[in-house]
Amino acid sequence: MQAKAREVYVPPVLQDLRAGTAELHIALEKRLPFFSDTLDTQAFVQLMQAYYGFYQPLEQALLDSGAIPDDFDLMPRLKAATLRADLQALGASATTPPLCQELPLIDSSAASLGVLYVLEGATLGGQILRREIAARLNLDADNGAAFLDIYGAATGRRWRDFIEYLGSRPFDATERAAVVSAAQTTFACFEQWLERQEVLA
Ligand code: HEM
C-alpha cells in the first residue's frame, strides 16, 4: 500500500506571500555573492556591512512603528545586534556602516508582518549559506558568521512558529494584500540597497 504524503495546511496569507515573492527571491538569490568564486573574507565583510545597514534601521522602524501586534514577541527575533557582533569579530567595527534610508512603510500590523515574513524567511536560506561560508572562509558562529546561523538548531521550529502565528491571524483580503505588498517592498528595498552598496553580482 502506498503511503499518503502528509498534507500540510498552508494558510491563504502564506500562499499569497509565496506567490507574490517567489520571483523576487529567485532574482535576489542569483545576485548575492555567497557562492561566488571571488568571495573572500574582505568581500564577505562588505556584504555583512551592507546587511547591517539594512537590518539595523529596518528593525528600528519595526520597533518605532507601534504596528507590531501585542501578542507577537519581536525582541527574540531581532538580528542587527548579532550582525554588529559579527562585524566586530571580523575586525570591521571601527566605522559605523552606512544605513539604508529607503525602507518599506510600516503603517499597519499587516505591513509589519509582511516585513517580518522576509526577515524570518531569510533564516532558512541562512542554513545553506552558513555551511558554504564555513567551508569557504572558515567562518562560523564564533568568529564572524553568527548571523547566518542566528537561530541554530531552532531554525525550523521558529519558522513554523512564525507561520503558525501568521496563519492564526484573521486577515481580510485587504489586509492580506497589505502583508504581501510589504513583503514585496522589503525584497525590493533590500535588493536596491545592496545594489547601491555594490555588493551584488
Ligand atoms: C543566496 C542566498 C539565499 C539562498 C541560497 C536562499 C535559500 C532559501 C531556501 C532553500 C529556502 C527554502 C527553505 C525551506 O523551505 O526549508 C528559502 C526560503 C526563504 N527565503 Fe531565502 N535564500 C537566500 C537569500 C534570502 C534573502 C536575502 C532573503 C530575504 C531578505 C530570503 C528570504 C526567504 C524567505 C522569505 C523564505 C521563505 C519562503 C517560504 O517558504 O514561504 N532569502 N531561502
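Given the C-alpha atoms of the chain, compute the convex hull and give its volume per residue in Å³.
Expressed per residue, the convex hull around the Cα atoms of the chain is 144 Å³.
Over the Cα atoms of the range 79-141, each weighted equally, I'd like the Debye log10 I(q)/I(0) at q = 0.23, 0.27 Å⁻¹, rounded to two decimals.
-1.10, -1.15
So what does Ser36 come to for accessible area, using a 1.4 Å probe and Å² rounded to 10?
Accessible surface of Ser36 is approximately 40 Å².
With just the Cα atoms defining each centre, how far is the range 120-189 from the range 8-82? Give it in Å.
What the calculation gives is 6 Å, centre to centre.
Say a site is exposed when it is one of the GluC sites (Glu not before Pro), sits in a DSSP loop, and has at most 14 other Cβ atoms within 10 Å; what is then the longest site-free stretch of the chain? Each step should come with its number before you reach the end.
Details: sites that count: Glu7, Glu102, Glu198.
With GluC sites (Glu not before Pro) excluded where exposed in loops, the chain gives 103-197 as its longest stretch.
Report the net charge of residues surrounding Ser108, where surrounding means a beta-carbon distance below 13 angstrom and charges are Lys +1, Arg +1, Asp -1, Glu -1. Walk me through the numbers on the way to the answer.
On the way: positive: Arg169, Arg176; negative: Asp107, Asp172, Glu175.
Combined, the nearby Lys, Arg, Asp and Glu give -1.
Can you tell me how the range 146-201 classifies by the Cα gyration tensor, rounded, prolate or oblate, using a/c under 1.5 as the rounded cut?
In terms of gyration-tensor shape, oblate.
So, for the chain, what is the accessible surface per residue at a probe of 1.4 Å, expressed in square angstrom?
54
Between Val10 and Asp37, what is the label-to-label distance in nm when each label sits 7 Å out along the Cα-to-Cβ direction?
According to this spin-label approximation, the distance is 3.6 nm.
Placing unit charges on C-beta atoms (Lys and Arg positive, Asp and Glu negative, everything else neutral), compute the dipole magnitude of the chain about its Cα centre in debye, rounded to 20.
500
For Ile150, what charge total do you get from the other residues with a beta carbon under 12 Å from its beta carbon, if Lys and Arg give +1 and Asp and Glu give -1?
The answer is +1.
For the chain, with all protein chains present and a 1.4 Å probe, just round the carbon and sulfur fraction of the accessible area to a whole percent.
On the way: 5450 of 10790 Å².
Carbon and sulfur together cover 51 percent of it.
The values are calculated or read from the model by the stated rules, or taken from the named source; none is laboratory data. This is a predicted model, so every value here is computed, not measured. Heads up, the Cβs are rebuilt from the backbone with ideal geometry, glycines too, and the neighbour counts pull from every protein chain shown. To get the accessible areas, we keep the full protein, side chains included, count just its heavy atoms, and leave off ligands, DNA and RNA. Shrake-Rupley method; radii C 1.70, N 1.55, O 1.52, S 1.80 Å.
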